[in-house]
Amino acid sequence: MEPTNIYELITKKLSAQISPEEDLELTRWLQASAANQAEYDALTKIWNGSNQLPAQRQFNTSRAWDNVETRLQSTTERPVKTMRWKYAAAAAILVLLSATAWWMLEKPGNIREVAANEGRIRNLQLDDHSKVTLRPGAEIRYSNNYQDNKRVVELSGEAYFEVTGDPSHPFLVKTPDQSTIEVLGTAFAVETKQEATTVIVTEGRVKLAHPGNQQGVILTSGLKGVSQQGRVIAADNDDINFLAWKTGTLKFNDAPLVDIVPQLADFYGKEIRIDESYRDSAAVQKANISFHDQSCEDALHELQLLLGFNYRQEGDTFVISRR
């Protein structure tokens with residue numbers, strides 16, 4: 001295993017962000033030799049001793065390495081110079097910055113921030129065993145401790161929550177538009193924007209409220225709630241693809257092309273538009289089709305074969321037009 005990779009796994013382990021598969025890989029590495037276990041123990045001591053360091057997003061690598069080297073000299077008898085290349089990643093550990101594409105920082109008051117970056121989904125388990133799946137680009141802030149006997153998280157972006165039931169400690173999700181989602185034990189998807197919050201419940205019961213409408217609405221399985229400009233409404237969920245970003249599957253049942261295209265664009269993160277000369281035809285052309293783990297171009301090609309249009313790429317944009 002490459003040194004960089006093993007230190008990514010150690011960082012995830014120490015920050016409680018490691019997956020079961022990664023944990024197994026790390027365990028095998030530890031069991032491979034006593035030297036590996038000794039290195040892990042040394043880094044664990046460094047990590048545990050770094051809690052007093054002020055958290056910051058920018059850090060001085062040289063200073064961090066000096067701290068690592070000093071600590072290593074006190075935690076192991078082996079010459080530090082011969083191990084220097086192995087501990088390059090420990091500088092990042094010391095300042096609580098992961099070597100992975102995702103970041104998590106300890107903040108004053110035990111506040112944590114976690115983000116899903118670089119186009120990858122982020123899975124997270126909170127201290128109460130609730131599970132959060134972050135869509136790429138989403139960020140979450142939460143405290144290790146209860147706030148006024150409540151479990152409070154702040155979300156920006158899109159996420160799916162599976163909340164552990166605990167009636168004595170209500171679970172609250174706060175969003176950028178000041179909406180609040182109150183939960184006792186349920187599973188639901190949340191999409192936040194600066195001006196609106198959308199909640200779709202898959203299991204259980206939640207309350208969606210806003211300072212402009214404290215009464216809010218109660219949502220149960222199959223319902224969608226929208227909070228926008230102080231107005232909170234509930235309706236049946238008619239979006240079968242609301243979790244496509246998580247499942248990797250898009251389904252369309254007798255859907256017109258004009259409705260399919262924006263969902264494809266959102267799912268793939270691409271710019272896809274219908275040429276104005278073809279919009280009338282696209283409004284009446286319908287498809288029963290599904291896509292799973294396919295590229296955007298493969299999906300467009302399947303639609304092309306089914307509906308008989310042309311498409312071309314103009315820079316980063318796909319344009320659908322008449323044959």
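Structure notes:
- Inter-probe distance in nm under a simple model that places probes 7 Å from Cα toward Cβ, at residue 271 and residue 304: 2.0
- Calculated FRET value between residue 205 and residue 35, using beta carbons and R₀ = 45 Å, to 0.05: 0.25
- Within the range 248-321, percent of DSSP bridges classed antiparallel, to nearest 5: 75
- Relative contact order (percent, whole number), the range 248-321, Cα cutoff 8 Å, 6+ residue spacing: 39
- If you take the Cα centroid of the range 161-177 and the Cα centroid of the range 198-257, the two points sit 16 Å apart.
- Extension gain, residue 313 to residue 231, is 25.5 nm, computed as 0.36 nm per intervening residue step minus the present C-alpha separation.
- Taking 20 Å as the cut-off, the amide N atoms of the range 7-41 that come nearer than this to a point 7 Å along the Cα-to-beta-carbon line of residue 113 belong to 12, 15-17.
- For the range 104-236, share of DSSP beta bridges that run antiparallel, in % to the nearest 5: 95
- In this Cβ point-charge picture (+1 for Lys and Arg, -1 for Asp and Glu), the range 117-215 has a dipole of about 40 debye about its Cα centre.
- Treating r as the C-beta distance of residue 145 and residue 284 and R0 as 56 Å, the FRET efficiency rounds to 0.50.
- Residue pairs, from the table 13/251; 45/193; 12/246; 12/174; 13/246; 150/246, whose Cα atoms sit over 30 Å apart: 13/251; 45/193
- Förster radius 35 Å - calculated FRET efficiency between residue 247 and residue 182, Cβ distance, rounded to 0.05: 0.85
- Label positions at residue 213 and residue 195, each projected 7 Å from the Cα along the C-beta direction, are separated by 1.6 nm.
- Global geometry of the range 126-229, whether rounded, prolate or oblate, following the gyration tensor of its Cα atoms and the 1.5 cut on a/c: rounded
- Extending 7 Å from the Cα toward the beta-carbon at both residue 44 and residue 28 defines two label points whose distance is 2.1 nm.
- For the pair residue 240 and residue 16 in one chain, pulling the backbone fully straight at 0.36 nm per residue adds 77.3 nm over the alpha carbon distance.
FYI, it's all coordinate maths here, none of it is from the lab. All of these numbers come straight from a predicted model, not from anything done at the bench. Counting neighbours? That spans all protein chains shown, and the Cβs are built from the backbone with ideal geometry, glycine included.
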